[in-house]
Amino acid sequence: MKIAVITGASSGLGAEFVRRLAAEKELEEIWLIARREERLKALAAETVSAARLRPLPLDLTQEADLDAYAKRLQAEQPEIRWLVNAAGFGKMGTNEEIGRAALDQMLLLNGKAAMDMTELSMPYLTRGSHVLEICSTAAFMPLGGLGVYSASKAFLLSYSRTLHYEVRNRGIVVTAVCPYWVKDTEFISVARNTENPAAVRHFPLASKTRTVVSWALTDARLGFSVSTPGPVCTLHRLVCKLIPRDLLMLAWAGLRRL
């Protein structure tokens, strides 16, 4: 059985990946993974797909739910053609303002959970399979007001790039997707729900989910190890290669308060 597995599927980029991959003729099932079961069921009901859409309500920060995913793989022995790790969130402010609990959850979900899902899925990937790790342009440099978020995405970017070269001889493509702000998701509203919602004031030239997902899928099919799905994140990636990070961080500190 050929399947796609998409985490963070209840909203935002994850839900858009479900809609796009639903058009893939080779897929027999798409596993929709997120905590919010009602949203998963609603997405499955409204999405036109030749493949069966299977909602799997799991909290990937919980070891028991990761074990449940592993047991399902062992029982069904699917061939995973697409794995999209889109689950994640950010919080804005200083670490003190955000608080230890949310900082821990960011590291667990953005970093460890994505890595665990990838490692659990790896035995079921075959030649021609794709793994998309949804990182962020924040992965390219430390960002004041988004410190642990950018650190968690930097981890995921580094992990993804290493894995890309580890598995390419097996014909598997791993792509780190690093978008700029995406305006039609819950990310910004969740990130600003802290003691300092003005830690980042403006989000100019923000992208849309449809554009990001379309670009990311194209880059993955081209075999890219990193996808910057838009002009702003592509420019940011280039600038981070050319300008010292301390200068960039000073510039960012000024820009985010304008």
**Message:** Based on DSSP loop calls and a cut-off of at most 13 other Cβ atoms within 10 Å, the longest stretch of the chain free of exposed GluC sites (Glu not before Pro) is what?
**Reply:** 27-185
**Request:** Tell me which residues come under 5 Å, amide H to amide H, from residue 79 once H is placed; ignore anything under 5 positions away on its chain.
**Result:** 2, 3
**Request:** Please work out the C-alpha center-to-center distance from segment 161-221 to segment 26-51 and express it in whole Å.
**Result:** 21 Å
**Complete:** In the chain the DSSP beta bridges are antiparallel at a rate, in percent to nearest 5, of 0 percent
**Prompt:** If you put +1 on each Lys and Arg Cβ and -1 on each Asp and Glu Cβ, how big is the dipole of the chain around its Cα centre, in Debye rounded to 20?
**Reply:** 760 debye
**Message:** Over the chain, with the other protein chains present, what is the accessible area per residue in square angstrom, probe 1.4 angstrom?
**Reply:** 47 Å²
**Request:** Name the residue farthest towards the positive end of the dipole of the chain from the options 138, 43, 77, assuming +1 on Cβ of Lys and Arg, -1 on Cβ of Asp and Glu, about the Cα centre.
**Result:** 138
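Just to make sure I understand: if all protein chains stay in place, what is the order of 6, 188 by accessible area at 1.4 Å, largest first? Could you put the intermediate results ahead of the total?
On the way: 6 0, 188 30 Å².
Of 6, 188, the descending order of accessible area is 188, 6.
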**Fill in**
Sparse-neighbourhood loop hits (trypsin sites (Lys or Arg not before Pro), segment 1-92; DSSP loop; Cβ within 10 Å at most 12 others) -> 25
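By accessible area of protein heavy atoms, probe 1.4 Å, what ranking do 140, 89 get, highest first?
Values: 140 20, 89 40 Å².
Reading off the accessible areas and sorting them downward yields 89, 140.
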**Request:** Can you tell me the 0 to 90 degree angle between the C-alpha axis of helix 63-76 and the longest principal axis of the chain, rounded to 10?
**Result:** 30 degrees
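Going through the cross-link list 25/183; 2/25; 91/112; 91/241; 112/153, which pairs have a Cα-Cα distance over 20 Å in this structure? Could the numbers behind the result be given before it?
Values: 25/183 30 Å; 2/25 10 Å; 91/112 17 Å; 91/241 26 Å; 112/153 11 Å.
Those over the limit are 25/183; 91/241.
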**Message:** Please list, ordered by chain and number, the residues whose modelled amide H lies under 5 Å from the amide H of residue 131; skip anything fewer than 5 residues away on the same chain.
**Reply:** 83, 173, 174, 175
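Kindly identify the chain as rounded, prolate or oblate by the Cα gyration tensor criterion: order the square roots of the eigenvalues as a ≥ b ≥ c, call it rounded if a/c is under 1.5, otherwise compare a/b with b/c, prolate if a/b is larger, else oblate.
Details: a/c = 1.74, a/b = 1.50, b/c = 1.16.
Prolate shape, in that a/c is at least 1.5 and a/b is the bigger ratio.
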**Request:** Rounded to the nearest 10 degrees, what's the angle between the helix 37-46 long axis and the longest principal axis of the chain, both from Cα atoms, 0 to 90?
**Result:** 70 degrees
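The values are calculated or read from the model by the stated rules, or taken from the named source; none is laboratory data. In this text the structure is predicted, and so the values were computed from the model without any measurement. Every residue, glycine among them, receives a Cβ derived from its backbone with ideal geometry; neighbour counts consider all protein chains shown. Accessible surface is based on the protein model in full, side chains and every heavy atom, while ligands, DNA and RNA are left aside. Shrake-Rupley method; radii C 1.70, N 1.55, O 1.52, S 1.80 Å.
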